[in-house]
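Student: Dumping the structure here so I can ask a few things about it.
Each reported figure results from applying straightforward, stated rules to the coordinates on display, with no laboratory input. In this text the structure is predicted, and so the values were computed from the model without any measurement. Glycine gets a Cβ as well: all are built from the backbone with ideal geometry, and neighbour counts include every protein chain shown.
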Amino acid sequence: MSLNLPEEKKIAVELPDGSLKTYPSGITGLEIAEEISTSLAKKSIACSLNGDLTDLSTKLTEDCSLIIHTTEDTEIALELIRHDCAHILARAVQEIWPNVKVTIGPVIQDGFFYDFDKEEPFSENDIEKIEKLMRSIIVKKDLVKSEIWDRNRALEFYKERNEYYKVELIHDIPTNRDIKMYWHGDWQDLCRGPHLANTGQVPADAFKLTRVAGAYWKGDSKNKMLQRIYGVAFRSKAELRQHFFRLEEAEKRDHRKLGREMDLFHLQEEATGSIFWHPNGWKLYSTLQEYMSRKLENNGYLEVKTPQMVDRRLWEKSGHWDKFRENMFIVEVDEQEKAPRINALKPMNCPCHVQIYNQGIKSYRDLPLRMAEFGACHRNEPSGALHGLMRVRAFLQDDAHIFCTEQQIESETKKFIDLLSVIYKELGFAEFKIKFSDRPLNRAGSDHVWDRAEQALKSATKTAGYNYLINKGEGAFYGPKLEFVLTDALGRDWQCGTLQVDFVLPERLGSSYITDMGEKHTPVMLHRAILGSFERFIGILLENTTGRLPLWLAPTQIVVASITTNMDKYLAEVIRSFKNVGLRCKVDNRNEKINYKVREHSLSKIPIIAVVGEKEIQDRSVNLRRLGRKDSQTISLDTATRELSMEAMPPDLKEKKDNVNAVIATT
């Protein structure tokens, strides 16, 4: 924006409400905040100049737009608080140990860290001492200021102080970038910024140093091992307490711990990144897959199965060999007299689905063609990134590809999001967010093709009635995508579903259809998944429910437990009655006290325990105790069988039965 005002040394500033105000050139963001209101100035922590976040002390010298930020701007406030905490940490360390060398101190999820070159290791007492000094620095409310320095001046400055890590960092900074120097009081650091206006804007009771770990300089094992101090920081003491509460809850909900308690699965070194599913776990897995299969069939998908191992020639044609080769497991097959053939375990299903589509001539009448596969995929993830069910090398994907015309993208997007929202709700996730990921740097196809694909997906999403957040540069290499993000019981976000528009792959692999005018056109390919990896989704589901799965998903739905050991005949009748209506149940007639049995099965997250004693035998009843509840209910065996069979019915089958009953009732 430029108004070219005639007054010399005057600039026009556009404020968030759209108003334009004239100020002297060289005015700062803080001074404008003070001019607007004293209360805004007191609350202000930074400003955005033409959309770029900067310090309140930055001088405005040209026409611009300006936003003043306060602690109510959550993400910006947390970023600045955590960044300043890292600097205050480094200042405290150097005040206590002046000879310690400082390196880098970035913001990370929930907090910050700083790496130090110190000969002796930091002790627990040292951490307490550092924390105490950090609080006193905060109380001082020392001003934070910055200057742009000449590169040579900055190098001399750090060489004189023997801060050789900073010298190395300056050499790494591109020559076209400014060298920015910050001071928190008298303590100085090399930093891009921005920062808060003074140290007192960091809440003294809302941070905590959490641990010390080793870290190689620049992450290279050839370099010196440094000491990294981690910390967390928030806007208030209440937020800090909530953070530690979430950590405690997350530990209780850890799917690996629940997997052991519920006897679902295990991992071992002989199959790194692959899951050994136990009978309980496999029942959960297969029940979820059967549910998804029914949902897909009822929504017009055709289920297929494609090979696990595919020749590299197909991956080269599809473009995956160039873009994804490092994540593939390669297999060399000896063809006897022929040269060995290079194959790869498939990391995704899309090229194989195109091969099925390409069999025979397709007409516009065949579209949209929705092709689904519960495809077993393998990806060579780094061993350090593997984490229980959440990050594996071998996984099952609820993958599907929709072959359609460009005009059908909108309607198919809406149908997919509607299906996804119903499934998420039935699995206990009522709300989700959508992120729009546009073109990455490493991509296939021309900019013209990407323009069409991005516009088509944005338009379809808006028409379907959904908003989205921009996820810059995170699209797939062949097309833009929507990412569907669930929020669990602890407020954590999990990206599960995806929808990707692809104009590139069908063309590369020679797909076509005949239009109503008899012309040959290339179809659009929509790559879509709802759960994503089954393994990961089950991990998310376990942690969201703390293992207290809905009755229809529970591997064992009911344990029938006897109070004494002479009840085998009635126990058999109860088990038979439950199994006849499809309930998954087990009997516990061990010579143990009933309270011991109830406690043991509760720890295993069995949803319902049916207790049987002499009174229940006489009345032909059962005493039902539900997981997480202190009360119990005694009802007749016939009533229990009827009610529990309805309760344990998967939601899609229950809906189908309700619809049938409604039709019968109206005829």
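Student: Give the lysines whose C-alpha is closer than 23 Å to that of residue 101, dropping any in the same chain fewer than 8 places away, or say none.
Tutor: 118, 129, 132, 145, 159, 166, 180, 208, 218, 222, 224
Student: Give me log10 I(q)/I(0) at q = 0.14, 0.18 Å⁻¹ for the stretch 1-104, Debye formula, one equal scatterer per alpha-carbon, no solvent.
Tutor: Normalising to I(0) and taking log10 leaves -0.63, -0.86.
Student: List the relative contact order of the stretch 302-420 as a percent without decimals, with contacts defined as Cα pairs under 8 Å and 6+ residues apart. Don't jump to the answer; show the numbers that get you there.
Tutor: On the way: 151 pairs, mean separation 31.3, N = 119.
Computed over the stretch 302-420, the figure is 26 percent.
Student: Give the lysines whose C-alpha is closer than 26 Å to that of residue 520, dropping any in the same chain fewer than 8 places away, or say none.
Tutor: Those lysines meeting the cut-off are 317, 362.
Student: Averaging sequence separations of C-alpha pairs under 8 Å and six or more residues apart, then dividing by the length of the chain, give the relative contact order as a whole percent. Write down the numbers at each step before the final one.
Tutor: Working: 1178 pairs, mean separation 56.1, N = 667.
Over the chain, the number comes to 8 percent.
Student: Which is farthest toward the positive dipole end of the chain among 539, 469, 123, measuring Cα position about the Cα centre, with Cβ charges +1 (Lys, Arg) and -1 (Asp, Glu)?
Tutor: 539
Student: Over the Cα atoms of the stretch 158-240, Rg to Rh with Kirkwood Rh, two decimal places? Write down the numbers at each step before the final one.
Tutor: Details: Rg = 16.0 Å, Rh = 15.7 Å.
Expressed as Rg/Rh, it is 1.02.
Student: Quick one: Cα centre-to-centre distance for the stretch 119-156 and the stretch 206-259, in angstrom?
Tutor: Centre-to-centre distance over Cα atoms comes out at 20 Å.
Student: Further question: Enter the Cα centre distance for the pair the stretch 286-307 and the stretch 391-406, rounded to the nearest angstrom.
Tutor: The two parts, judged by their Cα centres, are 12 Å apart.
Student: While we're here: Where Rh denotes the Kirkwood radius from the mean inverse Cα pair distance, what is Rg over Rh for the stretch 529-586?
Tutor: Details: Rg = 16.1 Å, Rh = 13.7 Å.
The Rg/Rh ratio comes out at 1.17.
Student: Relative contact order for the stretch 73-128 using alpha-carbon pairs under 8 Å, separation at least 6, rounded to a whole percent? Provide the component values of the computation, followed by the final result.
Tutor: On the way: 46 pairs, mean separation 16.6, N = 56.
30 percent.
Student: Classify the stretch 508-658 as rounded, prolate or oblate from the Cα gyration tensor: take a ≥ b ≥ c as the square roots of its eigenvalues, call it rounded if a/c is under 1.5, otherwise prolate when a/b beats b/c and oblate if not. Mind dumping the intermediate values first?
Tutor: On the way: a/c = 3.93, a/b = 2.57, b/c = 1.53.
It is prolate, given that a/c is not under 1.5 and a/b is the larger ratio.
Student: To check my understanding: the extent here is largest minus smallest coordinate of the Cα atoms along each principal axis. What are those three numbers for the stretch 304-405, in Å, largest first?
Tutor: Projected onto the principal axes, the Cα atoms of the stretch 304-405 cover 47, 43, 22 Å.
Student: Then there is this: Out of the DSSP beta bridges found with both residues in the chain, what percent are antiparallel (nearest 5)?
Tutor: Details: 103 of 121 bridges.
Just about 85 percent of them are antiparallel.
Student: Moving to a separate point now. Please give every one of the aspartates and glutamates within straight-line cross-link reach of residue 586, meaning a C-alpha to C-alpha distance under 20 Å, and leave out same-chain neighbours fewer than 8 residues apart.
Tutor: 261, 263, 568, 573, 600, 614, 616, 638, 643, 647
Student: Distance between Cα centroids, the stretch 594-652 to the stretch 470-496: provide it in whole Å.
Tutor: Value for the Cα centre distance between the two parts: 40 Å.
Student: For helix 447-463, report the angle its Cα long axis makes with the longest principal axis of the Cα atoms of the chain; keep it between 0 and 90° and round to the nearest 10°.
Tutor: 60
Student: Now for a separate question. How big is the shadow of the Cα convex hull of the stretch 231-324, averaged over all directions, in nm²? Don't skip to the end; give the middle numbers.
Tutor: Working: hull surface 49.3 nm².
Computing the convex hull of the Cα atoms and averaging its projections yields 12.3 nm².
Student: Amide H to amide H, which residues 5 or more places from residue 474 or on other chains are under 5 Å from it, using H placed in the peptide plane?
Tutor: So residue 474 has HN proximity to 438.
Student: Among 401, 456, 293, pick out the residue whose Cα is farthest towards the positive end of the charge dipole of the chain, where Lys and Arg carry +1 and Asp and Glu carry -1 on C-beta, about the Cα centre.
Tutor: Working it through, the farthest residue towards the positive pole turns out to be 293.
Student: How far apart, in nanometres, would the label points at residue 339 and residue 162 be if each is projected 7 angstrom from Cα along the Cα-to-Cβ direction?
Tutor: For the pair residue 339/residue 162, the computed spacing is 6.1 nm.
Student: If you place +1 on the Cβ of every Lys and Arg, -1 on the Cβ of every Asp and Glu, and leave all else neutral, what size is the dipole of the chain about its Cα centre, to the nearest 20 Debye?
Tutor: The dipole of the chain has a size of about 1600 debye.
Student: Once every Cα of the chain carries one equal point scatterer and solvent is ignored, give the base-10 log of I(q)/I(0) from the Debye formula at q = 0.06, 0.10 Å⁻¹, two decimals.
Tutor: Values, matching the q order: -0.51, -1.18.
Student: Okay, moving on. Counting only helical runs of four or more DSSP H residues, what would the 222 nm mean residue ellipticity of the chain come to if each run contributes -39,500 (n - 2.57) and the total is spread over all its residues?
Tutor: On the way: 21 runs with 243 residues, N = 667.
Taken over the chain, the calculation gives -11000 deg cm²/dmol.
Student: Calculate the spin-label point distance for residue 422 paired with residue 489, positioning each point 7 Å from the Cα along the beta-carbon direction, and give it in nanometres.
Tutor: 2.7
Student: Rounded to the nearest 0.05, what FRET efficiency do residue 407 and residue 663 have when you use their Cβ-Cβ distance and R0 = 35 Å? Present the calculation step by step, with values, prior to reporting the outcome.
Tutor: Values: r = 35 Å, r/R0 = 0.99.
Rounded to the nearest 0.05, the efficiency is 0.50.
Student: For the stretch 505-623, with only Lys/Arg (+1) and Asp/Glu (-1) charged at the beta-carbon, what is the dipole magnitude about the Cα centre, in debye rounded to 20? Write out the running numbers ahead of the final one.
Tutor: Values: 17 positive and 13 negative charges, 61 e Å.
So the dipole magnitude of the stretch 505-623 works out to roughly 300 debye.
Student: Still on this model: Could you derive backbone 3J(HN,Hα) for the stretch 586-602 from the dihedral phi with the Karplus parameters 6.51, -1.76 and 1.60 (θ = phi - 60°), listing whole Hz in sequence and x where the residue is Gly or Pro?
Tutor: 9, 10, 10, 10, 5, 7, 10, 5, 4, 5, 5, 5, 4, 5, 5, 6, 5
Student: Checking the a/c ratio against 1.5 first, then a/b against b/c, what shape does the Cα gyration tensor give for the stretch 227-274? Write out the running numbers ahead of the final one.
Tutor: Values: a/c = 5.16, a/b = 1.89, b/c = 2.74.
Judged from the Cα gyration tensor, the stretch 227-274 comes out oblate (a/c at least 1.5, b/c at or above a/b).
Student: Only bridges whose two residues both fall in the stretch 190-307 count here: according to DSSP, what percent of them are antiparallel, nearest 5? Working shown, then result.
Tutor: Details: 11 of 11 bridges.
For the stretch 190-307, the DSSP antiparallel bridge percentage is about 100.
Student: Multiply the residue gap between residue 636 and residue 140 by 0.36 nm, knock off their C-alpha separation, and tell me the result in nm, one decimal place.
Tutor: Values: separation 496, 0.36 × 496 = 178.56 nm, distance 7.20 nm.
Here the segment from residue 636 to residue 140 would lengthen by 171.4 nm.
Student: Also, quick follow-up: Which residue, 320, 83, 554, has the largest displacement toward the positive end of the dipole of the chain when charges sit on each Cβ (Lys, Arg +1; Asp, Glu -1)?
Tutor: My answer, from the dipole projection, is 554.
Student: Next question, about the same structure. Using a Förster distance of 56 Å, how high is the FRET efficiency between residue 266 and residue 297, based on the Cβ-Cβ distance and rounded to 0.05?
Tutor: Numbers: r = 33 Å, r/R0 = 0.58.
The pair residue 266/residue 297 has a calculated efficiency of 0.95.
Student: If R₀ is 25 angstrom, what is the calculated FRET efficiency for the pair residue 19 and residue 59, using the beta carbon separation as r and rounding to 0.05? Don't skip to the answer; put the middle values down first.
Tutor: Working: r = 21 Å, r/R0 = 0.85.
Plugging the Cβ-Cβ distance into 1/(1 + (r/R0)^6) gives 0.75.
Student: Here is a follow-up. Spin-label point model (7 Å from Cα, Cβ direction): what's the residue 97 to residue 237 distance in nm?
Tutor: Distance between label points: 3.0 nm.
Student: Here's another thing I want to ask about it. Counting DSSP beta bridges in the stretch 507-619, what percent are antiparallel, to the nearest 5? Walk me through the numbers on the way to the answer.
Tutor: Details: 2 of 11 bridges.
Roughly 20 percent of the DSSP beta bridges within the stretch 507-619 come out antiparallel.
Student: Once you charge only the Cβ atoms, +1 for Lys and Arg and -1 for Asp and Glu, what is the size of the charge dipole of the stretch 175-232 about its Cα centre, to the nearest 20 debye? Write out the running numbers ahead of the final one.
Tutor: Numbers: 9 positive and 5 negative charges, 74 e Å.
With Lys and Arg at +1 and Asp and Glu at -1, about 360 debye.
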